[in-house]
1. Just give me the residues in the stretch 217-232 being of a type outside the set (Asp, Glu) and buried (at least 19 other Cβ atoms within 10 Å of the Cβ), in sequence order.
2. If I filter the stretch 163-175 down to residues being at pLDDT 85 or above and within 21 Å of the chain's Cα centre (by Cα), which single residue comes out as surrounded by the fewest Cβ atoms within 10 Å (Cβ to Cβ)?
3. Taking the options Ser113, Ser65, Ser126, name whichever one is among the polar types (S, T, N, Q), in contact with a Pro (Cβ under 9 Å, 6 or more places away or on another chain), surrounded by fewer than 21 Cβ atoms within 10 Å (Cβ to Cβ) and modelled with pLDDT under 95.
4. Just name the residue that is modelled with the lowest pLDDT out of those in the stretch 131-147 that are on the phi > 0 side of the Ramachandran plot and surrounded by 12 or more Cβ atoms within 10 Å (Cβ to Cβ).
5. Can you name the residue in the stretch 186-236 that is part of a loop (DSSP other than H, G, I, E, B) and among the charged types (D, E, K, R) and, of all such residues, is farthest from Gln248 (Cα to Cα)?
6. Regarding Lys220, is this residue within 29 Å of Lys277 (Cβ to Cβ) and of a type in the set (Lys, Arg)?
7. On the basis of being in a strand (DSSP E or B) and either buried (at least 20 other Cβ atoms within 10 Å of the Cβ) or in contact with a helix residue (DSSP H, G or I) (Cβ under 8 Å, 6 or more places away or on another chain) (or both), does Thr270 make the cut?
8. Out of all the residues in the stretch 59-71, is one or more part of a loop (DSSP other than H, G, I, E, B) and among the hydrophobic types (A, V, I, L, M, F, W, C)?
Amino acid sequence: MILLYSVTKEPPTLVSLVKKTAVYGTDLWLFPVVDDSQGLVLSAETNGEIIMSRVDPLNPPSFGSPSWTTVATSVDSGGENIADHWHVFAHGYHWISFSTASAKKCFLLKLDSNFNRIGKFSVYSSRNSKGFPNTVTNDHFLVEEKNGIAVALFQHGDKSSTGKPRMIICKFGINGIGKGVKTVPADSHHNYSNGGTAYLQTGRCPAHVSPCFMAFMPEKIVETVEGSLIHLIVDKKWQITSSSKILQKTGHNYSMSSMVYWKNNFGILTVKDYNLKKKVKFPSGANIMRYVVDGKFKQYGKKTIVLGNAHRPHTTLYSTKTRRKMNFLITCWDQSNSKPQGYMRVDRIS
């Protein structure tokens with residue numbers, strides 16, 4: 001008899017296989033994404049463009065000369081460099097949203113598994129703000145919906161009675177046709193800033209709001225300002241049903257988080273942690289921390305995986321297709337030394 005899943009409720013164990021390896025040809029915003037082929041796909045920004053490649057995460061020497069495909073350039077952004085993008089695989093396609101360097105325009109790409117472009121769609125332009133002025137397109141996120149995809153932008157100081165910031169959710173069908181815009185004001189308990197992320201979930205949601213989005217939002221995106229990490233549960237209509245501070249510490253700023261969900265209601269939360277007490281000149285980056293947590297965010301493990309000068313961690317779960325299936329946590333980030341560089345870490349998870 002073969003047990004496919006553990007019957008115990010022990011937290012996952014992580015063993016480092018590759019602590020840090022450079023992914024050559026990349027500068028910023030290095031994303032790991034698993035698609036239908038169960039292969040690992042990377043996207044990144046370099047010289048104001050977006051590139052993609054399919055790699056073997058268990059063969060780090062191959063990163064010395066990956067085969068990159070350019071999927072978006074300044075031609076696609078009206079002549080501006082691209083700055084900040086998000087990448088998910090959903091409904092059988094790769095979706096990449098990206099901002100212009102001025103943070104005034106946002107676009108959405110739909111690509112097949114060979115990185116061929118199926119469509120490009122306008123998400124937002126400050127010249128046609130659709131009633132949402134003061135919206136910034138940098139540090140946005142992209143999330144799968146049940147029947148489509150959604151780009152979450154951020155509006156500083158909306159015109160509502162509260163005057164608080166809010167998310168602007170731009171919804172698209174699988175065919176790329178716009179399905180309208182939803183607004184998500186900060187709730188009465190916590191303000192939040194841009195630089196967040198969200199995941200479509202079913203089994204982990206409260207029964208009365210399933211399916212739901214699990215969102216992780218920084219209280220303050222600016223590193224040099226103390227701020228906690230906020231967890232939101234949002235229903236399918238993009239209404240916040242609960243919010244809580246899950247990481248907070250005097251003199252620290254938590255932002256740019258990434259979550260991988262594991263068995264038995266456990267998860268691995270990776271986050272950028274900037275220590276204000278060190279008084280390092282902005283924008284120097286920060287430590288990248290990894291927490292093993294349960295569904296209530298009780299911590300079962302804590303590890304510094306990058307010490308200093310790090311930005312934008314992104315994670316995914318990668319599984320081999322061999323007879324003896326093995327699971328790996330893939331972590332990507334970028335660091336700025338003499339020039340920006342993307343890096344990857346591989347951990348075995350069981």
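1. Met217, Pro218, Ile221, Gly227, Ser228, Leu229, Ile230, His231, Leu232
2. Gly173
3. Being among the polar types (S, T, N, Q), in contact with a Pro (Cβ under 9 Å, 6 or more places away or on another chain), surrounded by fewer than 21 Cβ atoms within 10 Å (Cβ to Cβ) and modelled with pLDDT under 95 holds for just one of Ser113, Ser65, Ser126, which is Ser126.
4. Asn134
5. Within the stretch 186-236, the subset part of a loop (DSSP other than H, G, I, E, B) is 186-196, 202-206, 210-211, 219-226, 228, 236.
Then keep just the ones that are among the charged types (D, E, K, R); that gives 187, 204, 219-220, 223, 226, 236.
On the way: Asp187: 18, Arg204: 23, Glu219: 10, Lys220: 12, Glu223: 14, Glu226: 9, Lys236: 28 Å.
By that ranking, first place goes to Lys236.
6. Numbers: within 29 Å of Lys277 (Cβ to Cβ): yes; of a type in the set (Lys, Arg): yes.
Yes, satisfied.
7. Values: in a strand (DSSP E or B): yes; either buried (at least 20 other Cβ atoms within 10 Å of the Cβ) or in contact with a helix residue (DSSP H, G or I) (Cβ under 8 Å, 6 or more places away or on another chain) (or both): yes.
So Thr270 fits the description; yes.
8. yes
The values are calculated or read from the model by the stated rules, or taken from the named source; none is laboratory data. These figures come from a predicted structure and were not determined experimentally. Every residue, glycine as well, gets a Cβ built from its backbone with ideal geometry; the counts of neighbours run over all protein chains shown.
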